[in-house]
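To start, the structure itself, in structure tokens.
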Amino acid sequence: MRHPEDTQPPTPDQLALLADRATFIRSETVRLAAIAGAGHYTSVFSIAEILATLYYGQLRLTPDEPRDPDRDRVILSKGHAAIGLYPVLADLGYFEPSALDDYTRLGSPFGDHPDMKKVPGIDFSSGSLGHGLSIGVGMALGGRLGGRDYRTWVLLGDAELNEGQVWEAAMSAAHFGLGNLVAVVDNNQLGIDGMTRDTMAVEPLRERFESFGWEVQRVDGHDVGALLAAYAALPDTAHRVPQVIVADTVKGRGVRAMEYSPDWHVGNLVGEDYDDVMAEIAAGLRPLEARA
């Protein structure tokens, strides 16, 4: 079975809705970070369009039955970006949006990293970087052995690709013929220690994944139409070759002062800075400025 069943090209209204949901993800991230006193702004901003297109335009989900055995699985390997996923799950009906008003407070199920035992819609308690793809291999293999046609999606940060376990998992996925496994790489060029090309270069990503036996697509990770087209181009889940979508993104995208900046991996906006950022996000994406 293809996912989703409706494979018609998206309409302009649908594309606009997805862009709006990406804006929602960014603004809710800023709001929740203010409750916590700090938050991972830029790591969410780089995946806002990816989350929007997956959850509102691609995944086979059942919010009223979070453990439906035929649902698509999603592993947020870069679990520190959960602050941007929680509002999406609330918006889809997994829990009441008001539950997020106590984000990270004592007794709240919503922590800085997601807990699958506490939060409906979370398939794995992620955040220990480098582990997500291995878990995805297990879930995809379980689906294959169980005769189920769900897809397993793993959203990886580019900086965590310097973990050897990622490449052991990539090799295993190809060996077991897991075409029902899709990795999406948030290639935002920055990790907490600086530019990935300086700390541990991961390029050329296409050639590296292909050498491990994967089929690769590469797209603009902030173009909702391009992301949907990449999803639509995925083969049937019975396919025997694992899939990866390298999404070229910008860390901090949507807030000019945060774009390409290593200083906002974790931060806290207050006062006029908070108001100014929320207004900038509400205005939508602007063209990127040329880098010096």
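Would you be so kind as to identify which of Leu32, Pro287, Pro87 lies farthest towards the positive end of the dipole of the chain, taking Lys and Arg as +1 and Asp and Glu as -1 on Cβ and the Cα centre as origin? Towards the positive end, the residue furthest out is Pro87. The slack in the chain from Asp276 to Leu92, taken as 0.36 nm per residue of separation less the alpha-carbon distance, amounts to 63.4 nm.
For Gln217, what charge total do you get from the other residues with a beta carbon under 12 Å from its beta carbon, if Lys and Arg give +1 and Asp and Glu give -1? Working shown, then result.
Numbers: positive: Arg206, Arg218; negative: Glu210, Glu215, Asp220, Asp248.
Once positives and negatives cancel, what remains is -2.
Only loop residues by DSSP count here, and only those with at most 14 other Cβ atoms within 10 Å; note down the GluC sites (Glu not before Pro) in the range 185-292 that meet that. Filter output for the range 185-292: Glu289.
Determine the sum of side-chain charges near Val88: Lys and Arg each +1, Asp and Glu each -1, restricted to other residues whose C-beta is under 13 angstrom from that of Val88.
On the way: positive: Arg21, Arg26; negative: Asp20, Glu28, Glu49, Asp91.
Around Val88, the surrounding residues sum to -2.
Antiparallel beta bridges, as assigned by DSSP with both residues in the range 54-205, represent about 15 percent of the total such bridges.
With R₀ set to 22 Å, the beta-carbon distance separating Val266 from Arg197 gives a calculated FRET efficiency near 0.50. Remark: spin-label model distance Asn162-Ala238 equals 4.3 nm, labels positioned 7 Å along the Cα→Cβ axis.
When DSSP beta bridges are limited to those with both residues in the chain, what percentage is antiparallel, rounded to the nearest 5? Working shown, then result.
Working: 3 of 25 bridges.
Around 10 percent antiparallel, to the nearest 5.
Could you give the distance between the Cα centres of the range 211-276 and the range 61-110, to the whole Å? Value for the Cα centre distance between the two parts: 19 Å. Structural size metrics of the range 189-292, computed from C-alpha coordinates, are Rg and Dmax of 17.2, 53 Å. In a simple Cβ point-charge model (Lys, Arg +1; Asp, Glu -1; nothing else charged), the range 16-125 has a dipole of about 280 debye relative to its Cα centre.
Between Thr62 and Ala34, residue separation times 0.36 nm minus the direct Cα-Cα distance comes to 7.0 nm.
Once the other residues with Cβ under 10 Å from the Cβ of Glu160 are scored (Lys, Arg +1; Asp, Glu -1), what is the net sum? All intermediate terms of the calculation are to be shown ahead of the outcome.
Numbers: positive: Lys78; negative: Asp158, Glu163, Asp186.
Every neighbour counted, the sum reads -2.
When the charge dipole of the range 12-282 is built from unit charges on Cβ atoms (+1 for Lys and Arg, -1 for Asp and Glu) and taken about the Cα centre, the candidate among Gln189, His131, Pro242 whose Cα reaches farthest toward its positive end is Pro242.
How large is the charge dipole for the chain, taken about the Cα centre, if only the Cβ atoms of Lys, Arg (+1) and Asp, Glu (-1) carry charge, to the nearest 20 debye?
Numbers: 25 positive and 42 negative charges, 141 e Å.
The dipole magnitude comes to about 680 debye.
Helical runs assigned H by DSSP (4 residues or longer) give the chain a calculated mean residue ellipticity at 222 nm of -11500 deg cm²/dmol, each run adding -39500 (n - 2.57) before division by the residue total.
Can you give the extra length, in nm with one decimal, that the chain gains between Asp220 and Glu207 once fully stretched, where that is 0.36 nm per residue apart less the Cα-Cα distance?
Details: separation 13, 0.36 × 13 = 4.68 nm, distance 1.77 nm.
That pair, Asp220 and Glu207, stretches by 2.9 nm at full extension.
With Cα atoms as the point set, the chain shows a radius of gyration and Dmax of 17.9, 55 Å.
In this label model, Arg286 and Phe176 are separated by 4.7 nm, measuring between points 7 Å along each Cα→Cβ vector.
FYI, it's all coordinate maths here, none of it is from the lab. Since the model is a prediction, treat every value here as computed from it, not as a measurement. Glycine also receives a Cβ, built like all others from the backbone with ideal geometry; neighbour counts cover every protein chain displayed.
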